[in-house]
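What follows is calculated from the coordinates using simple rules that are stated; it is not laboratory data. Quantities reported herein were computed from a predicted structural model and do not represent experimental measurements. Using ideal geometry, Cβ is built from the backbone for each residue, glycine included, and neighbour counts are taken over all protein chains shown.
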Amino acid sequence: MEKTQNYIQENKERFLNELLELLKIPSVSADASYTGDVRRTAEHVASSLMTAGADNVEICETAGHPVVYADKMIDASLPTVLVYGHYDVQPADPIDLWTSPPFEPVVKKTEIHPDGAIFARGACDDKGQMFMHVKAFEAMIKTGELPCNVKFMIEGEEEVGSANLGIFVKENKARLSADIILVSDTGMLANDVPSVTTGLRGLSYVEVEVTGPNRDLHSGLYGGCVANPINILAEMIASLHDENQRITIPGFYDRVVELTDEERSEMAKAPFSKEAYCKALDIENVFGEAGYSTMERGSIRPTLDVNGIWGGYIGQGAKTVIASKAYAKISMRLVPDQDPTEITNLFLHHFESIAPKGTRVKVTPHHGGEPAVTPIDSIGYAAASIAYEKTFGKKPIPVRSGGSIPIVAMFEKELGLKTVLMGFGLDSDAIHSPNEHFGLFNYYRGIETIPHFYVAYTELQKN
Ligand code: BES
Ligand code: MN
Ligand code: MN
């Protein structure tokens, strides 16, 4: 790997400039007005894979945004690593809160990233992390040091639930056959505390609508006489947690796997400072389910959160009105062995059952995804551990994450493959928020670490 590592050092500046170019294309998958840009991004990714030396590069059509496929098969008797990532990004709004335009990437220094960080939508999630794989691959190809076969599957709909990728995977099982899946779309604990993600939460996402009277009413003439859908919705939502911040939906916890005391004390070894956590978020204290630490609340415990709520008059000044309808979007993060479809149904029945007389409730399910855990007693984990040790000088800590990547559970179900989650972002990198960024240290360290994974994995497979 010496030539590979030298190649990376010699091409650092170009690797950065190429990522900046990729970040300029606004590949917002959720907004149809960006459809052309999403496709241009797919083309850009495809051509960068081609230049890097991949074969069979293809932009694969789906019912939605395309999937980019590429591979390099050097020897059928060697293991095959399937790299997954996504080139789509979250919407950039609220745009006013960005200190520089979201699709005009710039490098700025921060307290946590003294060497500089790239500020742009998608810098960390996931264009920057996905592109690390393209560059690591390029370095191994150009130096003749690629030790095994590689396949790339880079999608454009992760941020909207990966519905079409599920179909793509089912229809392309042979083409996607591999020994392991490698993903950089998560984070690590700190730049001097490398970690490997060993679990992701699942997701059930619903939209609710509460209807009261058949039209908006004068709040003086009718106030006090009819159920106000906004008051009612607020009450219904408030009732979904009890005083211990446990979720009150009957059956919600039935399938939750409780960790053993041993597993919990192992988890508690990961460094965490409540003070630093609160300071970074400008809050006085943390909040959550009684009996669990903040780390646990954010990873091994399921949650229910309102993501948006609206209804009635929100314009300037005061308008005296009782709205006919009130709405909310609600996400539930799930842990093993909760099933998103079952949880959505439990929510639906419960929410309908608590609607008072004089109101009607509609629940519309959105996308969901199953939780996933990845084994630490596997060759994949061992290879990742060796790779991090080479570049960070210490072994990574296994940590379960609170985020979701629904396709990971699908990979196991459809392809029978385990995933290794080698993330290089930090929780403070503001993914999905204004001023998303990705440290230059993290970008380069990722590119340097990935080739070591390939070597270690190939070696371990042989034995
Ligand atoms: N890369 C994130 C997920 C993530 C981030 C996992 C950090 C662990 C650590 C991914 O792009 C994402 O945002 N997923 C969505 C789910 C999807 C169905 C919209 C999420 O978690 O909200
Ligand atoms: Mn992502
Ligand atoms: Mn995301």
**Report entry** Hz values of 3J(HN,Hα) by residue in the stretch 62-79 - Karplus curve (6.51, -1.76, 1.60), Gly and Pro given as x
**Finding:** 9, 5, x, 6, x, 9, 9, 10, 7, 8, 9, 9, 9, 6, 4, 7, 8, x
Report summary line: About its Cα centre, the stretch 276-322 carries a charge dipole, from +1 on Lys and Arg Cβ atoms and -1 on Asp and Glu Cβ atoms, whose size in debye to the nearest 20 is 140 debye
Query - Cα-based helix-to-principal-axis angle, 440-462 vs the chain, degrees rounded to 10 - result: 70 degrees
Query raised in the report: So for the stretch 155-297, taking the charge dipole from beta-carbon charges (+1 Lys/Arg, -1 Asp/Glu), which of Ala290, Ala190, Gly156 sits furthest toward the positive end?
Result: Gly156
**Report entry** Stretch gain in nm, segment Asn463-Tyr253, where the contour uses 0.36 nm per residue and the Cα spacing is subtracted
**Finding:** 71.4 nm
Query raised in the report: Against the longest principal axis of the chain, how steep is helix 12-23, in degrees 0 to 90 to the nearest 10, with axes from Cα atoms?
Result: 30 degrees
Report task. Rank-order 132-141, 445-454, 165-174 by packing density, defined as the average count of other C-beta atoms within 10 Å over each peptide's residues, highest first. Result -> 132-141, 445-454, 165-174
Query raised in the report: Going toward the positive end of the dipole of the stretch 308-463, with +1 on Lys and Arg Cβ and -1 on Asp and Glu Cβ, which of Tyr381, His367, Gln316 do you reach last?
Result: Gln316
Report summary line: Along the dipole axis of the chain (charges at Cβ: +1 for Lys and Arg, -1 for Asp and Glu; origin at the Cα centre), the most positive-end residue among Ser77, Met332, Asn231 is Asn231
Query raised in the report: Sorted by packing (mean other beta-carbon atoms within 10 Å per residue), highest first, where do 10-16, 425-431 land?
Result: 425-431, 10-16
Report summary line: Between the Cα axis of helix 229-238 and the main Cα principal axis of the chain, the angle (0 to 90°, nearest 10) is 60 degrees
Report task. Take the cross-link list Lys108/Lys395; Lys24/Lys109; Lys390/Lys413; Lys72/Lys418; Lys173/Lys413 and give me the ones stretching past 23 Å between alpha-carbons. Result -> Lys108/Lys395; Lys390/Lys413
Query raised in the report: Given the C-alpha centroids of the stretch 408-463 and the stretch 78-101, what is the distance between them in whole angstrom?
Result: 14 Å
